[in-house]
1. Considering only the stretch D:73-102, state which residues are more than 26 Å from residue A:100 (Cβ to Cβ) and assigned to a helix (DSSP H, G or I).
2. Give D:232, D:213, D:200 a once-over and let me know the one that is farther than 21 Å from residue A:185 by Cβ, out of contact with any strand residue (DSSP E or B) (no Cβ under 6 Å at 6 or more places or on another chain) and modelled with pLDDT under 90.
3. In the list D:177, D:205, which residue meets the criterion of being at pLDDT 90 or above, of a type in the set (Lys, Arg) and out of contact with any Asp or Glu (no Cβ under 7 Å at 6 or more places or on another chain)?
4. Tell me whether the stretch A:62-85 contains one or more residues that are under 21 Å from the mean Cα position of the chain (by Cα) and surrounded by 14 or more Cβ atoms within 10 Å (Cβ to Cβ).
5. Considering only the stretch A:266-299, how many residues are in contact (Cβ under 8 Å) with a residue 12 or more places away in the chain and within 26 Å of the chain's Cα centre (by Cα)?
6. Taking the stated definitions as given, is residue B:306 modelled with pLDDT of 90 or more and either in contact with a His (Cβ under 8 Å, 6 or more places away or on another chain) or surrounded by 18 or more Cβ atoms within 10 Å (Cβ to Cβ) (or both)?
7. For the stretch A:224-243, state whether one or more residues are closer than 22 Å to residue A:285 by Cα, among the aromatic types (Phe, Trp, Tyr) and touching a residue at least 40 places away in the same chain (Cβ under 8 Å).
8. Would you call residue B:205 basic (Lys, Arg), crowded, with 20+ Cβ neighbours inside 10 Å and closer than 30 Å to residue A:51 by Cβ?
4 protein chains.
Amino acid sequence: MAVFRKQKFNDLGLDTKTPSDGYRSLNKDGTFNVKKLNVPLFERINFFHSLVSMSWWRFFGIIAGCYILVNLLFASFYMAIGVEHLTGIDGITDFDKFLEAFFFSAQTITTLGYGRVAPIGIPANIVAAVESMLGLLSFALATGLMYGRFSKPSARILYSAHAVIAPYQEINGFMFRVVNPQNTQLLEVEINVTLSMKRENSELRNFYLLELERPKVVFFPSTWTIVHPITEGSPLYRLTENEVLEKDAEFIVMIRAFDESFSQTVYSRSSYMATELKWGEKFIYLIQRDKDGISVDVGRIDETEKAALNP
Amino acid sequence: MAVFRKQKFNDLGLDTKTPSDGYRSLNKDGTFNVKKLNVPLFERINFFHSLVSMSWWRFFGIIAGCYILVNLLFASFYMAIGVEHLTGIDGITDFDKFLEAFFFSAQTITTLGYGRVAPIGIPANIVAAVESMLGLLSFALATGLMYGRFSKPSARILYSAHAVIAPYQEINGFMFRVVNPQNTQLLEVEINVTLSMKRENSELRNFYLLELERPKVVFFPSTWTIVHPITEGSPLYRLTENEVLEKDAEFIVMIRAFDESFSQTVYSRSSYMATELKWGEKFIYLIQRDKDGISVDVGRIDETEKAALNP
Amino acid sequence: MAVFRKQKFNDLGLDTKTPSDGYRSLNKDGTFNVKKLNVPLFERINFFHSLVSMSWWRFFGIIAGCYILVNLLFASFYMAIGVEHLTGIDGITDFDKFLEAFFFSAQTITTLGYGRVAPIGIPANIVAAVESMLGLLSFALATGLMYGRFSKPSARILYSAHAVIAPYQEINGFMFRVVNPQNTQLLEVEINVTLSMKRENSELRNFYLLELERPKVVFFPSTWTIVHPITEGSPLYRLTENEVLEKDAEFIVMIRAFDESFSQTVYSRSSYMATELKWGEKFIYLIQRDKDGISVDVGRIDETEKAALNP
Amino acid sequence: MAVFRKQKFNDLGLDTKTPSDGYRSLNKDGTFNVKKLNVPLFERINFFHSLVSMSWWRFFGIIAGCYILVNLLFASFYMAIGVEHLTGIDGITDFDKFLEAFFFSAQTITTLGYGRVAPIGIPANIVAAVESMLGLLSFALATGLMYGRFSKPSARILYSAHAVIAPYQEINGFMFRVVNPQNTQLLEVEINVTLSMKRENSELRNFYLLELERPKVVFFPSTWTIVHPITEGSPLYRLTENEVLEKDAEFIVMIRAFDESFSQTVYSRSSYMATELKWGEKFIYLIQRDKDGISVDVGRIDETEKAALNP
């Protein structure tokens, strides 16, 4: 009889046939190791995203390049019309004239308009009128992007370099640690940890959503150790360090929070490979108390110490 | 006795009496086939939406048109005041004078202000002061819109051209495929498929929310085949290809996701008509593995191959 | 023994002692009939909201007023410094000089800078340098607000002027109708209807969240009749028209939706008083079908026809 | 046998070992009393947040400072090139020349460009072209930030200075009061109260999420008294005033709402210490009715009156 078995794997949106030899699906910076071929150009390119995400050096380089290019173009227009239609041009050689036209163009596109050099006659005036309008529109776009870059929300969460298998109550737990390094608040923080492991004698992989001690916190002012208790229901139950390495485990982490400084929802992603897992260690305590209150030593986020595992 | 039967149809917000002869309610581009009559003008027009959604050519056309129009208007004002109240006007004919006033207006509205031509006396100065203020405000609006267009979030999801009825485990399933063509992330993607079919011997239609193998994924880095398993509870259960055609089925798809490049929630919609359904075919596998990792051949999203259906 | 009875009233955030003589708590435009006394000034005023919500006439009036005021102020500064520190001032009387200083100020604050009049000497140059900087900042604020006004999301939903008590299946229902007058989409629309009625022999009021036939729709392309079936569990069960009037009923409606044109969540509110309720009428059918598809006659949203109520 | 006890504490994201001698973890202004040490500089600083959150005086101070600094820098460039490359420089001493170069720079960076002073020759023109471009970009950033500050959403909710333990139905309740002081709407308001108390004979603390009479309201037009009924399940059950003081209780409040004036989700936080708790008092009634409708006397939000507690 026809039977439908509802799959119990975590709905992660990743493929179940990812390569199995130490392949990392999610990079530490939150990008995925997937290339896309034959994507229609128009569909692939997201100008806005590119311009907002690139480095500041590159962004300013592009703006400066466009500024020079557009001024060269308009200088050529003024040359073609004839620089005698610009007042105050003193240059004698064509190169000098071109340079003066270039600077006039720069004064026009920024709407600076000193007026020492100014257009006379219809053609030069038309070009100048067009250029100043385009200048206003394109500088506004550039500055909009600049502000967009500046105000782009991002969850700046620090992850411990390693995860650990440490004693937890009377059993053991998979643990890693995150820190909110800023003084701004992250609110209603939700965390989601998926374990991906090779199936036995197969190139296929299973994905498991790990049950966490606390999947959500209301505030995240400083530090948080995320714990997956390795109970009987856990896919890690009774697995040894070697087995986890052989199964090529990858722990994929996603954090969602409301970032109050940007008034927006932000996401953070990271992953731990089996090789980034320390067995029988636990994280040291980061919070210090003195008479003034509490302080958190963020610099020691990665520090662990030996801790005998429960049997 | 009075009885209240809770309707079990999907709450789609569409009418149950839509036309039944091959009528498509939702277009491939996500718009609905509904015209609205007698809407009060003020309620109907959404200037912001129109200006943000129109093509770039049209948008720039409107801006250029307004720029010319407003300058014509202000040139007329300066002519009415008398061009002798502008310094540096050399024109002799009225047409030449009007052109010079026009270019002066352009220099004023963009706040370029070369000053070769400048207002003298109270009336010309008043007009120029008003024009420069309006210029600042209206160019800012234009450039705000330009940035709004540029940064407008949209879920650029590619849909397979056809859906298929393919074998799924020991039964069959209704399937279609979507691809995220960009390198930016779509997170917490939720999908919703509604089937609309004509009732027997009636012009009315029923709407069913189809149960999906996975209604939600956490990540959507590359490709996803959405599957509705045709179990006994499915409205497609035991229907033949001809019956589905006769019932004039339409599968209406809505996808919601968080687009990380825009830090916003985005929606995508599409639909499949009964005539866009291939029976006994399945989608080919898009993911290729090599030593560098995984790649997805997006260009083959539509490719299917024969696959015998389960009885 | 101490007993704690969990209150079953709807959690609406309104008071249970609102006046009972035909008092409307929620106006048709979505504002509440509550005045606030003795609010600290700083807490009460929300400049941003005021400037974004006021009428366009008022907004432009304020901007024009500020523009004139600030120029008057700076003109006074230039007069105090002495107009001999501005080149090109031709005025003889003090009033003429003041006007020229005023127009120079306007040319400076808009960064127009013709240069026919220009500052000479340290004091005039300092004032001009400060004015141009302030001009850039304040015009940017004005134009930011203008764009904020223009792009302000609002759910433009039309409500039928009356609600009806009409037959529904084998019982009766409380119904009203809403229309999306625009061609843009409202998605995942949720509706919430609360009934407020006077208690018997008391000035207190009860609030009931009404159970709806469909509390949520995925799409809202055209029209939607919201139905509350008057079952035995309904607070309207077996009430007559007179009783509903005596109990001074008010139906408070809130709609939430995702507006795709603004990519934001929007809210709409309205209310129906007992006196705006038609008994034994039903809404006429708005959707027309022809060979081109479907059209909705929005102009007839309020039209009803007689319909005998079920006993 | 290994046992896993799921912790029942509220998932607040705070530490269970916070100091216990009257220490306040959450300040009245919503910030936390936690210092962070050794945070990498790059991770700690959030320029956007700092610039958007600082006081207006400081913000304008920074902008004015930058304006002066950048103009000093560019004035030095023009001096280095030689002021003979600027037309209209009248100064004789170097200081006068520097000042004129400074003012020319200000006219260039704001794109004012009177033109009385204008660059001649290639080097001066290059510097001016660069300066005007940088001016456009950086002023746009400044003004973007200004608008960002102006339109920054914040839940301006007023809290009563004290919380009370007052009779509630036949038992008692923990209560405090909040007021929406503005005329704009807060919608779908959710509230969350956590009680933190010292464990007996331990420096550790327990965190309890308090069950509320109404954890959510649809509207919040005026005033709302939040009530935690002290039932048998409450951590406050049968505790005396002295015990609550000894246990160093802190009530941590978080409110989330949709602010319609900003079309955004906003959060508000506050806390009440055991010493800010009045036993046997209840809040006076704020709502007054007259023939015009309802008014709320916000100025009396803190007023309480004696009320005998239930046993």
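The values are calculated or read from the model by the stated rules, or taken from the named source; none is laboratory data. Here the structure is a predicted model, which is why all the values come from computation and not from measurement. Cβ atoms come from the backbone with ideal geometry, glycine included; neighbour counts cover every protein chain shown.
1. D:94, D:95, D:96, D:98, D:99
2. Result: D:200 is the single residue among D:232, D:213, D:200 that is farther than 21 Å from residue A:185 by Cβ, out of contact with any strand residue (DSSP E or B) (no Cβ under 6 Å at 6 or more places or on another chain) and modelled with pLDDT under 90.
3. D:177
4. Yes: one or more hits.
5. Residues in the stretch A:266-299 being in contact (Cβ under 8 Å) with a residue 12 or more places away in the chain and within 26 Å of the chain's Cα centre (by Cα): 14 in total.
6. no
7. The answer is yes, given that some residue of the stretch A:224-243 is closer than 22 Å to residue A:285 by Cα, among the aromatic types (Phe, Trp, Tyr) and touching a residue at least 40 places away in the same chain (Cβ under 8 Å).
8. It is false that residue B:205 is basic (Lys, Arg), crowded, with 20+ Cβ neighbours inside 10 Å and closer than 30 Å to residue A:51 by Cβ.
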